[in-house]
């Protein structure tokens with residue numbers, strides 16, 4: 001067969017991922033806090049975007065003799081009746097999110113970079129310093145220890161060793177460094193480092209600079225003048241205490257049951273992580289994206305939390321004004337790109353909101369029994385079930401339910417909470433959700449009497465009698481996930497508190 005060049009015409013279909021489409025996919029999976037940060041960066045970069053205020057939303061814009069137009073708002077379409085149609089789902093596609101815009105710079109209309117740097121990175125007026133500079137700052141654990149080191153240790157050589165030991169502290173206050181390595185680094189004797197470590201172990205809070213749990217508790221007991229031979233024996237056998245082997249502990253410590261109970265109470269009153277009192281992490285309050293409440297007719301009302309929706313609009317009046325002054329081709333291209341980007345962001349925010357509302361509405365319909373009667377009636381549900389019901393792809397449902405929360409009469413839950421695996425019915429009936437079975441196991445254990453602790457085999461029998469086909473290893477797995485001890489450990493605990 002002769003080889004020769006030739007022309008062929010082929011017709012193929014492919015999906016082209018534009019930056020705007022990548023942006024829309026990324027917005028779909030962002031949490032409400034991440035979304036606000038993203039929109040703030042876009043507002044800084046795009047002069048045609050404006051944060052919507054109540055006044056601007058009511059105002060009718062007129063510019064340069066053009067007809068009256070309402071500003072385009074990103075939350076215009078967020079209503080149950082404005083759901084996207086089955087064939088209108090530009091965010092519904094199965095592909096990865098690779099768009100990562102880089103934003104920087106000072107916002108438009110604000111101070112210049114030179115002014116910003118000249119003010120030390122803060123906005124201050126003539127009336128005095130900014131509010132941020134008047135706020136009190138918490139002392140960190142490391143700062144607290146270094147302050148004591150500067151006050152208590154006078155010798156420069158010992159202070160240098162102390163600073164090296166401080167660098168070996170972990171977040172709990174334990175010393176995890178290597179004494180020999182510190183001695184080699186500072187060219188001193190190991191005994192000098194060990195002596196300095198003993199001095200630092202007397203610092204506040206009691207228990208810091210300990211190398212293990214036993215030493216941490218011993219330091220605190222010495223501070224309370226409660227470290228006697230019996231308590232030392234108890235600390236040497238903490239594994240027996242963890243296993244609730246009380247008879248063995250009484251023999252080792254040489255005390256009776258009453259004294260041992262008092263010693264255990266003292267141990268429980270100590271702090272195994274002494275540096276935890278300096279923990280400055282503030283728990284973030286979960287803000288729901290969707291509210292679910294009972295309607296007057298007995299149904300359910302599903303609505304978005306408008307407070308979590310960033311509302312932005314395209315400032316067409318400003319665009320009209322600057323477009324008349326743009327003369328060069330580069331200026332006109334820039335304005336066209338900014339206008340296209342602004343319009344696409346508004347559209348993407350609209351579709352993100354309506355897609356979340358659509359998925360949440362279907363979740364409420366699927367889990368109506370849970371909302372009415374509780375966790376025992378949570379039905380098995382998968383991403384595919386929701387995707388087929390609303391006519392979208394599973395990846396879209398996964399993105400929508402990622403880091404989104406829904407407030408129901410049964411509490412605030414992450415949307416992914418409603419997706420649970422199925423456990424078959426023993427007689428072929430409707431399957432049970434794994435979450436409801438875990439709840440049943442916990443309820444059974446909470447109600448067990450002290451003289452009849454339920455074993456995993458007995459729990460299996462009870463659940464099988466209720467129509468739940470479950471294996472013993474599954475019960476053990478669920479029990480361990482709930483942090484519930486075994487039947488042997490629970491029996492010892494109940495006997496100790498009897």
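The values are calculated or read from the model by the stated rules, or taken from the named source; none is laboratory data. All values reported here derive from a predicted model rather than from experimental measurement. Using ideal geometry, Cβ is built from the backbone for each residue, glycine included, and neighbour counts are taken over all protein chains shown.
Report yes if residue 485 is under 30 Å from the mean Cα position of the chain (by Cα), part of a loop (DSSP other than H, G, I, E, B) and within 30 Å of residue 258 (Cα to Cα), otherwise no.
Yes; evaluated as a whole, the condition is true for this residue.
Looking at (1) over 39 Å from the mean Cα position of the chain (by Cα); (2) surrounded by 11 or more Cβ atoms within 10 Å (Cβ to Cβ); (3) more than 20 Å from residue 148 (Cα to Cα), find the lone condition where residue 225 falls short.
(2)
Would you mind telling me which numbered condition in (1) touching a residue at least 60 places away in the same chain (Cβ under 8 Å); (2) closer than 25 Å to residue 148 by Cα; (3) out of contact with any strand residue (DSSP E or B) (no Cβ under 8 Å at 6 or more places or on another chain) residue 208 fails?
Failed condition: (3).
What tally of residues in the range 459-475 results from selecting those that are crowded, with 16+ Cβ neighbours inside 10 Å and part of a helix (DSSP H, G or I)?
5
For the range 438-452, does any single residue satisfy the condition of being under 30 Å from residue 257 (Cα atoms) and in a helix (DSSP H, G or I)?
Yes, the range 438-452 contains at least one residue that is under 30 Å from residue 257 (Cα atoms) and in a helix (DSSP H, G or I).
Going through the range 399-412 one residue at a time, which ones are buried (at least 18 other Cβ atoms within 10 Å of the Cβ) and free of Cβ contacts under 8 Å to residues at least 60 places away in the same chain?
Across the range 399-412, the qualifying residue is only 401.
In this structure, is residue 388 at pLDDT below 90 and surrounded by fewer than 20 Cβ atoms within 10 Å (Cβ to Cβ)?
Against the criterion (at pLDDT below 90 and surrounded by fewer than 20 Cβ atoms within 10 Å (Cβ to Cβ)), residue 388 does not qualify.
Just wondering, is there one or more residues in the range 147-154 that are within 21 Å of residue 215 (Cβ to Cβ), touching a residue at least 24 places away in the same chain (Cβ under 8 Å) and under 38 Å from the mean Cα position of the chain (by Cα)?
Within the range 147-154, one or more residues are within 21 Å of residue 215 (Cβ to Cβ), touching a residue at least 24 places away in the same chain (Cβ under 8 Å) and under 38 Å from the mean Cα position of the chain (by Cα).
Just one of 457, 446 is out of contact with any strand residue (DSSP E or B) (no Cβ under 7 Å at 6 or more places or on another chain) and free of Cβ contacts under 8 Å to residues at least 12 places away in the same chain; which is it?
Just one listed residue meets the conditions, 446.
Could you grab me the full set of residues in the range 443-453 that are surrounded by 14 or more Cβ atoms within 10 Å (Cβ to Cβ) and within 35 Å of the chain's Cα centre (by Cα)?
Correct list: 444, 445, 448.
Out of the range 360-393, which residues are touching a residue at least 60 places away in the same chain (Cβ under 8 Å), under 24 Å from residue 348 (Cα atoms) and part of a helix (DSSP H, G or I)?
360, 361
Could you list, in sequence order, the residues of the range 238-255 that are farther than 16 Å from residue 272 by Cα and in contact with a helix residue (DSSP H, G or I) (Cβ under 7 Å, 6 or more places away or on another chain)?
Within the range 238-255, 240, 244, 246, 248, 249, 250, 252, 253, 254, 255 meet the criteria.
Is there a residue being in a helix (DSSP H, G or I), under 24 Å from the mean Cα position of the chain (by Cα) and free of Cβ contacts under 8 Å to residues at least 40 places away in the same chain anywhere in the range 307-322?
Taking every residue of the range 307-322 in turn, at least one turns out to be in a helix (DSSP H, G or I), under 24 Å from the mean Cα position of the chain (by Cα) and free of Cβ contacts under 8 Å to residues at least 40 places away in the same chain.
Return a yes/no flag: does the range 174-196 have any residue that is closer than 23 Å to residue 276 by Cβ and in contact (Cβ under 8 Å) with a residue 40 or more places away in the chain.
yes
Scan the range 213-259 for residues that are in contact (Cβ under 8 Å) with a residue 40 or more places away in the chain and either in contact with a strand residue (DSSP E or B) (Cβ under 9 Å, 6 or more places away or on another chain) or part of a helix (DSSP H, G or I) (or both) and jot them down.
Matches in the range 213-259: 213, 216, 217, 220, 221, 246.
Of the residues 128, 173, which single one is modelled with pLDDT of 50 or more and out of contact with any helix residue (DSSP H, G or I) (no Cβ under 7 Å at 6 or more places or on another chain)?
128
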